[in-house]
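I have placed the structure first, in the form of structure tokens, so that the comments after it can refer back to it.
The values are calculated or read from the model by the stated rules, or taken from the named source; none is laboratory data. Small disclaimer: the values here were computed from a predicted structure and weren't measured. With ideal geometry, Cβ positions are generated from the backbone for all residues, glycine too; neighbour counts draw on all protein chains shown. In case anyone asks, the SASA skips ligands and DNA or RNA and just uses the protein heavy atoms, side chains included. Shrake-Rupley method; radii C 1.70, N 1.55, O 1.52, S 1.80 Å.
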Amino acid sequence: MATAVPAERDAVARAFPEPGRPVSRPGVELHRAGGPFDLLAAGVGPALAAASVSAALTAATLTGEPYGLVVSAGIAGGFLPGAPVGSLVVADRITVADLGAESAEGFLPVTELGFGTVTHRPPDSLVRVTADATGARTGEILTVSTVTGTAARAAALRARHPGALAEAMEGFGVAEAAGAHGTPVLEIRAVSNPVGPRDRAAWRIGEALAALTTGFGKLAPLLESWNRHDQ
């Protein structure tokens with residue numbers, strides 16, 4: 001499980017009956033939770049998240065215990081009315097929203113420039129069982145390097161991504177690292193605030209972290225039994 005910051009990691013850890021214990025690996029420090037799960041506070045933003053998750057995946061492979069799944073988890077901004085504060089969202093598409101170029105005609109995603117990718121798709125079966133188990137809403141989760149703080153930018157993102165339910169800062173980086181290692185990826189987020197004008201008074205971080213804990217309490221047993229070939 002890869003989160004951005006320790007507070008998110010600890011919220012996930014509270015879903016397990018015993019506290020996680022530190023596990024050192026080259027370049028990263030993990031916390032081992034119940035069963036086969038390791039928790040990683042990978043850092044803020046797609047670049048650091050990708051680097052940290054890739055280091056963890058490489059270290060696990062070299063020790064002969066490769067991971068079968070990577071989960072990007074944490075809190076996020078939600079696009080109203082689809083993802084209200086306190087709700088859970090699971091990504092059927094993990095899309096980087098601001099990787100590309102500006103032009104006179106508007107934003108051009110990097111794929112239109114002839115490079116890379118902008119979307120990763122988690123396994124359909126995994127998305128379904130996650131939504132069924134947790135009651136999460138299913139839709140596109142955007143990854144941004146700059147959190148939206150105006151109504152104009154929120155509207156522009158919705159115009160380019162009408163199916164988007166949430167925005168966060170790490171999912172695409174985690175998915176890029178997982179994809180490079182041939183490992184399936186899942187992204188699940190608890191909504192802490194609406195996407196739009198920056199208003200700290202509207203943030204409900206504690207409520208979102210509690211929702212994340214509750215969601216993982218329901219999800220962890222299913223993740224342990226999920227078969228990557230059942231897609």
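Counting DSSP beta bridges with both partners in segment 1-82, what percentage is antiparallel, nearest 5?
Values: 7 of 10 bridges.
Bridges in segment 1-82 that DSSP calls antiparallel: roughly 70 percent.
Suppose we keep just the alpha-carbon trace of the chain; what are its Rg and Dmax in angstrom?
16.8, 55
Given 0.36 nm per residue, what is the gain on full extension from residue 156 to residue 199 after removing their alpha carbon distance, in nm? Can you show the working numbers first?
Numbers: separation 43, 0.36 × 43 = 15.48 nm, distance 1.88 nm.
So the extension gain works out to 13.6 nm.
Just to check, using Stokes-Einstein with a Kirkwood Rh over alpha carbon pairs, what's the diffusion coefficient of segment 124-191 at 37 °C and 0.692 mPa s in µm²/s?
On the way: Rh = 13.3 Å.
In µm²/s, the coefficient rounds to 246.
With every protein chain kept in place and ligands, DNA and RNA left out, what is the accessible area per residue of segment 1-100? Probe 1.4 Å, answer in Å².
Accessible area per residue, segment 1-100: 40 Å².
Any idea what angle helix 124-134 forms with the longest principal axis of the chain, computed on alpha-carbon atoms, 0 to 90 degrees, nearest 10?
Result, in degrees: 80.
Which value does Rg/Rh take for segment 1-57 over its C-alpha atoms, Rh per Kirkwood? Please report the intermediate quantities before stating the final value.
Values: Rg = 10.7 Å, Rh = 11.2 Å.
Rounded to two decimals, Rg over Rh is 0.95.
Please list log₁₀ I(q)/I(0) at q = 0.15 Å⁻¹ for segment 98-231, using the Debye equation with identical point scatterers on the alpha-carbon positions.
-0.86
Can you give the FRET efficiency for residue 124 and residue 7, using 1/(1 + (r/R0)^6), R0 = 30 Å, r = Cβ-Cβ distance, to the nearest 0.05? Spell out each step's value before the answer.
Values: r = 31 Å, r/R0 = 1.03.
Here the calculated transfer efficiency is 0.45.
Antiparallel as a % of all DSSP beta bridges within the chain, to the nearest 5? Working shown, then result.
Numbers: 18 of 41 bridges.
Around 45 percent of the beta bridges assigned by DSSP in the chain are antiparallel ones.
For an R0 of 30 angstrom, estimate the FRET efficiency from the Cβ-Cβ distance between residue 101 and residue 225 and round to the nearest 0.05.
0.10
On a 0 to 90° scale, report how tilted helix 46-62 is relative to the longest principal axis of the chain, with both axes built from alpha carbons and the result rounded to the nearest 10.
Result, in degrees: 20.
Over the Cα atoms of segment 1-118, what is the Rg over Rh ratio if Rh follows Kirkwood? Intermediate values should be presented prior to the final figure.
Working: Rg = 17.0 Å, Rh = 16.4 Å.
Checking Rg against Rh, the ratio lands at 1.04.
Within the accessible area of segment 97-227, what % is carbon and sulfur when the probe is 1.4 Å and the other protein chains stay in place?
Carbon and sulfur together cover 54 percent of it.
Report the one residue of 171, 144, 133 whose Cα lies farthest in the direction of the positive end of the charge dipole of segment 122-231 (charges on C-beta: Lys and Arg +1, Asp and Glu -1; origin at the Cα centre).
Checking the options against the dipole of segment 122-231, the answer is 144.
Can you work out D for segment 154-231 in µm² s⁻¹ from Stokes-Einstein, where Rh is the Kirkwood radius over C-alpha pairs, the temperature is 37 °C and the viscosity is 0.692 mPa s? It would help to have the intermediate numbers written out before the result.
Numbers: Rh = 15.1 Å.
The Stokes-Einstein estimate is 217 µm²/s.
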